[in-house]
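Novice: Got a structure here, written out as structure tokens. Questions coming.
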Amino acid sequence: MRPAVRLVRLGRVAYADMLELQESWLRRLLAEPGTDARPATQAGALLLSEPARPVYTVGLRGGLTPEEAARLRTLGAEVRSTGRGGLATFHGPGQLLCHPVLDLRRLGLRLRTHVAALEACAVRLCDLQGLQAARARPPPYTGVWLEDRKICAIGVRCGRHITTHGLALNCSTDLTWFEHIVPCGLVGTGVTSLSKELQRHISVDEVMPSFLEAFEETYKCTLTSEDRLS
């Protein structure tokens, strides 16, 4: 039997709300196996959202000084420290934010293969949209790229075999927000979006079916009925 992953689509919500739901699911998966909180066949949840407001996030490696954070707030953006790997990046409207909260043991994955699977999902989505040139690159260039332009950022956290955080794929994101930071600490690289590459507006809702198809295909799981309140 393919492991089940609960699909939770939040729509456009505040980044803080996504984090709160992520922590709720993390507590569930840390519970003892076999309880009502974690049925034996359930591997976790796939949390999907579109950030409602601009927010810069900082990973475990830092990437912003207090002065830089204050400057970004004057632009009208929120600044948050998170527990994911990596440096500073941007999240905002027009971006598909995917946080899989998964027990990797139930999926037969290691952390490295989980990161590769996230990259594969984004590559597959780009391919389905007609961007066959999208590729994952070796470290330190994590994420998915079109030549030297990053279209999808990836940053995860893993503890006791359970993952949090995930990927952010630019659909119709206002890319000027990235000009105020060095995204992921990579100097000399650019940022792009599906809309920019395809020269038409691509919404998060438009790509959602393709992403769900790619996720089930890559993770060899079954996405169960949506539950916004889980």
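The values are calculated or read from the model by the stated rules, or taken from the named source; none is laboratory data. What you see is a predicted model; the values in this text were computed from it and never measured. Positions of Cβ are backbone-derived with ideal geometry, glycine not excepted, and every protein chain shown enters the neighbour counts.
Novice: Looking at the range 113-133, which of its residues are over 20 Å from Leu223 (Cα atoms) and surrounded by fewer than 22 Cβ atoms within 10 Å (Cβ to Cβ)?
Specialist: Our first condition is that a residue be over 20 Å from Leu223 (Cα atoms); within the range 113-133, this holds for 126-127, 129-133.
If the condition is that a residue be over 20 Å from Leu223 (Cα atoms) and surrounded by fewer than 22 Cβ atoms within 10 Å (Cβ to Cβ), then Asp127, Gln129, Gly130, Leu131, Gln132, Ala133 are the ones that fit.
Novice: Among the candidates Val13, Val58, single out the residue that is touching a residue at least 12 places away in the same chain (Cβ under 8 Å), under 24 Å from Pro209 (Cα atoms) and not acidic (Asp, Glu). Give the derivation first.
Specialist: On the way: Val58 fails: under 24 Å from Pro209 (Cα atoms).
Answer to the check: Val13.
Novice: Let me ask something else about it. Residues that are of a type outside the set (A, V, I, L, M, F, W, C), assigned to a helix (DSSP H, G or I) and under 23 Å from Leu109 (Cβ atoms): does the range 126-144 have at least one? Talk me through it step by step, then tell me what you get.
Specialist: From the range 126-144, those of a type outside the set (A, V, I, L, M, F, W, C) are 127, 129-130, 132, 135, 137-143; that's our starting set.
Now narrow it down to the ones that are assigned to a helix (DSSP H, G or I): 127.
So of that shortlist, the ones also under 23 Å from Leu109 (Cβ atoms) come out as 127.
Yes: the range 126-144 contains one or more residues that are of a type outside the set (A, V, I, L, M, F, W, C), assigned to a helix (DSSP H, G or I) and under 23 Å from Leu109 (Cβ atoms).
Novice: Any idea which residue in the range 1-40 is modelled with the highest pLDDT, counting only those that are assigned to a loop (DSSP other than H, G, I, E, B) and in contact with a helix residue (DSSP H, G or I) (Cβ under 8 Å, 6 or more places away or on another chain)? Can you show your working first?
Specialist: Of all residues in the range 1-40, those assigned to a loop (DSSP other than H, G, I, E, B) come to 1-3, 14, 30-40.
Now drop any that are not in contact with a helix residue (DSSP H, G or I) (Cβ under 8 Å, 6 or more places away or on another chain), which leaves 3, 37-38.
Working: Pro3: 92, Ala37: 49, Arg38: 47.
So, considering only residues that are assigned to a loop (DSSP other than H, G, I, E, B) and in contact with a helix residue (DSSP H, G or I) (Cβ under 8 Å, 6 or more places away or on another chain), the one modelled with the highest pLDDT is Pro3.
Novice: Quick one: what pairs do we get from the range 83-107, first residue without any contact (Cβ under 8 Å) to a residue 60 or more places away in the chain, second assigned to a loop (DSSP other than H, G, I, E, B) and not acidic (Asp, Glu), C-beta under 6 Å, 6+ apart or different chains?
Specialist: Leu104/His161; Arg105/His161
Novice: Further question: If you check Arg110 against the conditions, is it under 25 Å from Tyr219 (Cβ atoms) and surrounded by fewer than 23 Cβ atoms within 10 Å (Cβ to Cβ)? Break it down into steps so the answer makes sense when it comes.
Specialist: Working: under 25 Å from Tyr219 (Cβ atoms): yes; surrounded by fewer than 23 Cβ atoms within 10 Å (Cβ to Cβ): yes.
Yes; evaluated as a whole, the condition is true for this residue.
Novice: Restricting to the range 186-226, and then to whatever is without any contact (Cβ under 8 Å) to a residue 12 or more places away in the chain and part of a helix (DSSP H, G or I), can you tell me which residue is surrounded by the most Cβ atoms within 10 Å (Cβ to Cβ)? Walk me through it before giving the result.
Specialist: Here is the first cut: in the range 186-226, the ones without any contact (Cβ under 8 Å) to a residue 12 or more places away in the chain are 187, 199-200, 205, 209, 216.
Adding the requirement that they be part of a helix (DSSP H, G or I) leaves 205, 209, 216.
Details: Asp205: 13, Pro209: 11, Glu216: 17.
Filtering first and then ranking leaves Glu216.
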